[in-house]
Amino acid sequence: MASLPPTPATDSRTRVSALREALATRVVVADGAMGTMLQAQDPTLEDFQNLEGCNEILNLTRPDIVRSVHDAYFASGVDCVETNTFGANHTAASEYEISDRVHELSEAGARIAREAADEYAARDGRTRWVLGSIGPGTKLPTLGHVGYTTIRDGYQANAEGLLAGGADALIVETTQDLLQTKASVLGARRAMEATGTDVPLLVSMAFETTGTMLLGSEIGAALTALEPLGIDMIGLNCSTGPAEMSEHLRHLSRHSRVPLLCMPNAGLPVLTKDGAHFPLDPEGLADAQENFVRDYGLSLVGGCCGTTPEHLRQLVER
């Protein structure tokens, strides 16, 4: 009897299992900056549906632009890309009065990345993965800017959309408030329960040059608060370049029971008349990440603000 072709669900389980295996056995390389790459293509106000700066709307109006960014990173050799959904959460979407569209924007963003990943995988047989991006939003619940259950439920809608669109993992990133981080993680967990899926759940925190998160939490407190939530990986992204992350990664490498990730900016931004300039060149990023992998045993590396496909190409070569 002829065997039936694999269903999307079995395909997805196979991919997720391969991702878990890769994270456990080698260094997986993710992509770099998204927003600057989108803005470089000069989307019009019409593309933004008059919601200027709302990059997630482009998932619906200009999927070609979003897709071109994923393609550029996959062409540089990365294993996985993050979805264009950093602002597809309750508080960020509320600023544009579109909080009811969080699921729709998240699903669309994941589908674009999924199509790119599958196309590259079909070319050479090497599995490519999609990390569903869950951004921090624009309100800090610890300071009473927004209710905890409101944002938790918003993150659940965000995560459910990402899973529906084909994300292989969820990454709660650039978190600055531990209560917001917890809401994101629990929203993501509820989404997995609601959809009957089980994917890796990654948490990436943003530490300031002061050595703490925005609201003053230090690295030990963050690890103590987040590890018991059953996350699969913890680390740092954004805010600073790699130089400022070293001590935090050293602490995590000694005390964390889960694997580590790091996606720094291309150095600390320098303000120029043309806006922020990130000074760390591709070789500098590759050097730093090579040292981090050797010294702290990172499992997932990538870049954040100011990093380009060339930064990632050199990182992949290492």
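The values are calculated or read from the model by the stated rules, or taken from the named source; none is laboratory data. Computed from a prediction, not measured in an experiment: that's the story for all the values here. Using ideal geometry, Cβ is built from the backbone for each residue, glycine included, and neighbour counts are taken over all protein chains shown. What goes into the accessible areas is simple: the full protein's heavy atoms, side chains included, and nothing from ligands, DNA or RNA. Shrake-Rupley method; radii C 1.70, N 1.55, O 1.52, S 1.80 Å.
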Can you tell me which residues in region 157-195 are surrounded by 22 or more Cβ atoms within 10 Å (Cβ to Cβ), polar (S, T, N, Q) and outside any strand (DSSP E or B)?
Asn158, Gln180, Thr181, Ser184
Give the residue, chosen from Ser246, Ser253, Ser239, that is closer than 27 Å to Tyr155 by Cβ, open to solvent by 10 Å² or more (accessible area, probe 1.4 Å) and among the hydroxyl-bearing types (Ser, Thr, Tyr).
Ser239
Taking the options Gly235, Gly220, Gly241, name whichever one is of a type in the set (Gly, Ala, Ser), in contact with a Leu (Cβ under 6 Å, 6 or more places away or on another chain) and more than 20 Å from Leu186 (Cα to Cα).
Gly241
